[in-house]
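Following: one structure in structure tokens, then a few remarks.
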Amino acid sequence: METVQSGQCGLCTHFGEHHKTDVLVTIMSSHQADLKFVDECGHPKHADLHLKVTAISGCDGFEQAMAA
């Protein structure tokens, strides 16, 4: 498990935004994620790329997710 910091995908509203799961809620509430877990980036700027990112990835499009 790795600690997810503010500015990283695991705490971004676009990380798996089209299908909230228990895993995503756990990452957002505990700030911990398995490095092998990947999910889609739903940021409109990246949507056409269908990016799959880890919770510790990041980009300039970060938007803090609402608390679970």
Which of His19, His43, His31 moves the most in a Gaussian network model of the chain with Cα springs under 10 Å? His19
Using θ = phi - 60° and the Karplus form 6.51 cos²θ - 1.76 cosθ + 1.60, what ³J(HN,Hα) does each residue of segment 43-52 get, whole Hz, x for Gly and Pro? 4, x, 5, 10, 3, 5, 8, 6, 5, 10
With viscosity set to 0.692 mPa s at 37 °C, what whole-number translational diffusion coefficient in µm²/s follows for segment 15-68 from Stokes-Einstein and a Kirkwood radius over Cα pairs? 282
With springs connecting C-alpha atoms under 10 Å apart, model the chain as a Gaussian network and identify which of Thr21, Thr13, Thr54 has the largest mean-square fluctuation. Thr21
Under a Cβ-Cβ cut-off of 14 Å, what is the net charge of the residues other than Val25 that fall near it, where Lys and Arg count +1 and Asp and Glu count -1? -2
With a sphere of radius 11 Å drawn around the Cβ of Thr13, what net charge do the other residues whose Cβ falls strictly inside it have (Lys, Arg +1; Asp, Glu -1)? -1
Using a Gaussian network model of the chain whose springs link C-alpha atoms within less than 10 Å, name the residue from Ala55, Ala33, Ala47 with the highest mean-square fluctuation. Ala47
Calc'd 3J(HN,Hα), segment 53-61, phi into Karplus 6.51 cos²θ - 1.76 cosθ + 1.60 (θ = phi - 60°), Hz, glycine/Pro = x, comes to 10, 8, 5, 9, 5, x, 7, 6, x
Under 19 Å between alpha carbons, and skipping anything fewer than 8 positions from Lys20 in its own chain: which lysines qualify? Lys36, Lys52
Not counting ligands, DNA or RNA, and with a 1.4 Å probe, what is Ser30's accessible surface area in Å² rounded to the nearest 10? 50
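The values are calculated or read from the model by the stated rules, or taken from the named source; none is laboratory data. Since the structure is predicted, the reported quantities are computational estimates derived from the model, not experimental observations. Glycine also receives a Cβ, built like all others from the backbone with ideal geometry; neighbour counts cover every protein chain displayed. These accessible areas exclude ligands, DNA and RNA; they are computed on the full protein's heavy atoms, side chains included. Shrake-Rupley method; radii C 1.70, N 1.55, O 1.52, S 1.80 Å.
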